[in-house]
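Visitor: What follows is a single structure, and I will ask about it in a moment.
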Amino acid sequence: MTAPVLVIGEALVDIVSSGTGNGGAGSGSGAGSGSGRNGKNGSKATPGGSPANVAVGLARLGLPTELVTRFGTDPYGDQLGAHLFGNGVQLSPGSVDPSFRTSTATATLDAAGVASYQFDITWEPPKLSLRRGSPAVHTGSIATVLEPGAAAIRTFLASLADQPVTVTLDPNARPTITPDPVSTWAAVRELAASADLVKLSDEDCEFLRPGLSPDDIAAELLTVERTKCVVITRGGEGAIGVSRDARVEVTAPAIKVIDTVGAGDSFMSALIAGLQARGLLGAVRLAGLDEQALRDVVDYAVKAAAITCTRHGADPPTAAEHTATWG
């Protein structure tokens with residue numbers, strides 16, 4: 001059996017009041033399948049958390065995936081577990097903890113279906129370890145900035161410096177949790193020093209490095225020896241990919257947007273899957289990522305995100321759905 005991609009980070013439940021918007025939820029989160037359990041006041045609870053969404057997206061694209069997270073055995077935790085197991089995601093030992101209260105995010109949707117969040121979250125992962133042969137480790141979002149878990153992630157990623165594995169990072173900045181962009185950017189830079197690929201959104205860029213262009217930010221991150229590629233999503237305008245040797249710009253296909261919840265997470269999953277399909281993960285750490293390969297993997301990821309935007313909540317496509325939609 002092929003060793004799984006290891007994803008580290010929060011799994012939580014998004015709570016959206018009914019009638020707040022177009023449906024779905026998110027923390028860059030929400031979920032498609034497994035959603036819809038109503039709360040006492042007519043709210044809708046859906047499984048989410050950016051790293052958990054990435055894990056589900058990877059599994060749906062056919063990659064063996066293991067998630068290191070932490071949630072309880074309360075009703076919300078049972079919902080999360082059913083969603084993750086139902087999508088083929090393996091959970092690392094200690095991820096389900098009866099003594100732990102499952103974290104939540106309360107989402108408010110605007111008229112365009114874009115969500116903002118208030119979090120009730122505790123983050124302290126179980127022991128972090130890497131399976132032999134795992135092609136990639138992915139982390140990001142709240143888990144990389146909220147202590148005490150953030151320190152454990154920093155230490156773990158630093159320990160992978162000599163391991164034959166590719167590390168990917170999606171900071172997925174949350175101003176409500178880390179309102180100071182200067183200190184948050186410092187934390188991102190520290191983590192990026194241990195990552196081969198960093199993915200940001202245009203919103204991340206505006207918050208973390210106001211006044212700088214995406215290309216300026218990519219150039220700054222690429223000064224770190226290990227970081228070989230930076231990808232920046234730009235919503236309906238598509239995405240750019242920048243390496244030391246190439247720059248590509250991919251436009252987004254025209255679609256009817258239902259909501260944008262989880263689109264960035266679907267993008268991240270497809271980016272990792274595209275790199276794996278081209279033999280660019282593992283010990284090679286993106287070596288051989290030329291301009292054409294970079295364009296192909298960014299295009300694949302943009303189209304995966306587009307599918308998610310045509311559905312309610314963070315509902316990433318399967319590999320078959322991606323092929324059926326885009327060929």
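The values are calculated or read from the model by the stated rules, or taken from the named source; none is laboratory data. All figures in this text were calculated on a predicted structure; none of them were measured in a lab. Reconstructed Cβ throughout: ideal geometry from the backbone, glycine too, with neighbour counts over all protein chains shown. Note: accessible area is taken over every heavy atom of the protein model, side chains too, but ligands, DNA and RNA are not part of it. Shrake-Rupley method; radii C 1.70, N 1.55, O 1.52, S 1.80 Å.
Visitor: Any chance you could count how many residues in region 286-327 are among the acidic types (Asp, Glu), open to solvent by 50 Å² or more (accessible area, probe 1.4 Å) and either touching a Leu at 6+ places or on another chain (Cβ under 9 Å) or more than 17 Å from VAL248 (Cα to Cα) (or both)?
Guide: Of the residues in region 286-327, 1 are among the acidic types (Asp, Glu), open to solvent by 50 Å² or more (accessible area, probe 1.4 Å) and either touching a Leu at 6+ places or on another chain (Cβ under 9 Å) or more than 17 Å from VAL248 (Cα to Cα) (or both).
Visitor: How do the pairs read when you match residues in region 56-79 that are on the phi > 0 side of the Ramachandran plot with residues anywhere that are among the β-branched types (Val, Ile, Thr), using Cβ under 9 Å and keeping only pairs 6 or more apart or on different chains?
Guide: Listed pairs, sorted by first residue: GLY62/THR318.
Visitor: Follow-up question, since we're still on this one. Of the numbered conditions (1) in a helix (DSSP H, G or I); (2) crowded, with 16+ Cβ neighbours inside 10 Å, VAL231 satisfies every one except a single condition; which is it?
Guide: Every listed condition holds for VAL231 apart from (1).
Visitor: Further question on the same structure: If we scan region 71-91, do we find a residue that is in a loop (DSSP other than H, G, I, E, B), open to solvent by 20 Å² or more (accessible area, probe 1.4 Å) and closer than 19 Å to ALA143 by Cα?
Guide: No, that holds for no residue.
Visitor: If you don't mind, another one. Got at least one residue in region 306-321 being assigned to a loop (DSSP other than H, G, I, E, B), farther than 13 Å from LYS199 by Cα, among the β-branched types (Val, Ile, Thr) and in contact with a His (Cβ under 6 Å, 6 or more places away or on another chain)?
Guide: Checked against the condition, which is being assigned to a loop (DSSP other than H, G, I, E, B), farther than 13 Å from LYS199 by Cα, among the β-branched types (Val, Ile, Thr) and in contact with a His (Cβ under 6 Å, 6 or more places away or on another chain), region 306-321 yields no hits at all.
Visitor: Quick check on this structure: which one of ILE272, ILE255 is farther than 20 Å from ARG174 by Cα and surrounded by 23 or more Cβ atoms within 10 Å (Cβ to Cβ)?
Guide: Of the residues listed, the single one that is farther than 20 Å from ARG174 by Cα and surrounded by 23 or more Cβ atoms within 10 Å (Cβ to Cβ) is ILE272.
Visitor: Here is a follow-up. List pairs: first in region 102-123 and of a type in the set (S, T, N, Q) and in a strand (DSSP E or B), second at pLDDT 90 or above and open to solvent by 60 Å² or more (accessible area, probe 1.4 Å), Cβ under 6 Å, 6+ apart or cross-chain?
Guide: Here the result reads THR104/ASP120, each pair linking region 102-123 to a residue that is at pLDDT 90 or above and open to solvent by 60 Å² or more (accessible area, probe 1.4 Å).
Visitor: Moving on. Got a sec? Which strands (runs of 3 or more DSSP E) wholly within region 133-222 have at least 1 residues that are open to solvent by 10 Å² or more (accessible area, probe 1.4 Å) and modelled with pLDDT of 95 or more?
Guide: Working: elements: 136-140, 166-170, 197-201.
Hits in region 133-222: 197-201.
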